[in-house]
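Heads up: the structure comes next, in structure tokens.
Only the coordinates and a few stated rules stand behind these numbers; no lab work does. Being a predicted model, the structure only gives us computed values, none of them experimental. Methodologically, a virtual Cβ is constructed for each residue, glycine included, from the backbone with ideal geometry; neighbour enumeration extends over all protein chains shown.
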Amino acid sequence: MTKSAAIAGQFGRSVLGNYTRAPVAFVRGRGSWLWDADGKKYLDFFPGFGAGALGHCHPAVVRAIRLQAGKLIHVQNLVMHPWQARLAGMLLRLAKMKGRAFFCNSGAEANEAAIKLARRYHQIVRGEMRSKIVCVTHGFHGRTMGALAATGTPAYHKGFAPMPRGFVHVPLNDLAAAKRAIDRKTAAFLVEPIQGEAGVRVADAMYLRALRAMTKAKGALLMFDEVQSGCGRTGEFLAAEAAGVHADVITLAKPLAGGLPMGAMLVHEKFSKALPAGSHGTTFGGSPLVCAAGIAAVTFASEPKNLARVRKMGLLFRSGLESLRLDYPDLIAEVRGRGLMLGLQLSVPGKDIATDCRNMRLLINCTHDTVLRTMPAMVVTPAEIRQALAILDRAFAAERTRRR
Ligand SMILES: *Cc1c(COP(=O)(O)O)cnc(C)c1O
């Protein structure tokens, strides 16, 4: 029996079965590469489900964690430490926002904070009963109850009734639907500038600009969930920069601390008073260890030459995916995304193709049945991109053979 199979046996007996896990166990990672328990090497084009934007065990992050672990790991949030303030300043500067940062431990928690802030701003600061949060169909915001209610895929709500009330969903890039939904009862509009889980669906720049104007006109907050699209993934620090739109609230997580669990909510000064002392909190949020990792990760991810590299590698990978589309027009309908957040819209289910890729030692993701999603590390090389494209080519050829 392989070591991976033995570990799979232990998982089967003792770990909750809430994921469809592939029968492979990893013990080491570096950059775009992972090694399994039996020493086999995999090319990871979906590192950490988006959390691995810097690649596995980025040396700057590893160094920061090692150094910080020996100094101070955690202190309570009723005192201060230097690293949280430093990271907050960095993120606000990068978001070009005059405002405040709140730190938590995940994307779901960042969105919970955003939802609570929007409602409390209206209900307490402005003294007006507004609760409606307008979200986008198939948008993904996390699995806690509030973030789940905001998530626009009904299948994820199933069996968890009653869902928190006050959430409505409108189709992406549908201006008329957004206009109908945003009214004087609306607390906020929450949207991903590029939907990840929904299948790498890009919000039009025009749409985001119109949302900015519509929310402003009705006194509602505009909130961008950049948990997946942010932190350099698209070749800009924030995906919304491409549209030149500034939200009132921005949520970040996934790669924010280079692989350690961290979420953040950035909020414009005007709305920051909505969560005063005692109104919200978390024990672990913004701890010294995670902030030190965050400072290292954000420093790397925001460096202009690294962002330029994301754009360059993104174009290289994209052009390879476009030629695959020309070679397999019967299987691939569209290439979508920006920078190193790229998806293939298939005209067939993608699960078997993703499994074939894994068997050929390439990790990618299949979402919403027919979309193959890739989010290679920012440190990905042209050779690694060529290797991934070659494996994808073989996987599509195998799929075509299966269909004959
Ligand atoms: C992954 C994701 C979340 C949830 O983040 P968790 O850390 O898993 O709670 C929220 N929003 C978006 C856009 C995501 O991709």
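Values for this structure:
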read-out: Search result, residues across region 193-240 that are within 16 Å of the chain's Cα centre (by Cα) and of a type in the set (D, E, K, R); value: Glu197, Arg201, Asp225, Glu226, Arg233, Glu236
read-out: Filter pass, Leu289 being of a type outside the set (S, T, N, Q), touching a helix residue (DSSP H, G or I) at 6+ places or on another chain (Cβ under 7 Å) and either surrounded by fewer than 19 Cβ atoms within 10 Å (Cβ to Cβ) or not in a helix (DSSP H, G or I) (or both); value: no
read-out: Test set (1) surrounded by fewer than 16 Cβ atoms within 10 Å (Cβ to Cβ); (2) over 23 Å from Gln228 (Cβ atoms) - Thr20 fails condition number; value: (2)
read-out: Subset of region 96-116 (residues that are within 16 Å of the ligand (Cβ to nearest atom) and in contact with a strand residue (DSSP E or B) (Cβ under 7 Å, 6 or more places away or on another chain)); value: Phe102, Phe103, Cys104, Asn105, Ser106, Gly107, Glu109, Ala110, Asn111, Ala113, Ala114, Ile115
read-out: Residue list for region 362-396, restricted to those being hydrophobic (A, V, I, L, M, F, W, C), in contact (Cβ under 8 Å) with a residue 60 or more places away in the chain and not in a loop (DSSP other than H, G, I, E, B); value: Leu362, Leu363, Val371, Ile385, Ala388, Leu389, Ile391, Leu392, Phe396
read-out: Members of region 231-263 found to be within 15 Å of the ligand (Cβ to nearest atom) and free of Cβ contacts under 8 Å to residues at least 24 places away in the same chain, listed by number; value: none
read-out: All strands (runs of 3 or more DSSP E) inside region 1-75 with 1 or more residues being of a type in the set (Ser, Thr, Tyr) and on the phi < 0 side of the Ramachandran plot; value: 41-44
read-out: So Tyr156, is it of a type in the set (Ser, Thr, Tyr), crowded, with 20+ Cβ neighbours inside 10 Å and farther than 17 Å from Leu256 by Cα; value: no
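Table: residues versus (1) out of contact with any Pro (no Cβ under 6 Å at 6 or more places or on another chain); (2) β-branched (Val, Ile, Thr); (3) exposed (fewer than 15 other Cβ atoms within 10 Å of the Cβ).
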| position | (1), (2), (3) |
| --- | --- |
| Glu303 | yes, no, yes |
| Leu326 | yes, no, yes |
| Arg338 | yes, no, no |
| Pro349 | yes, no, yes |
| Thr367 | yes, yes, no |
| Pro376 | yes, no, no |
| Ala390 | yes, no, yes |
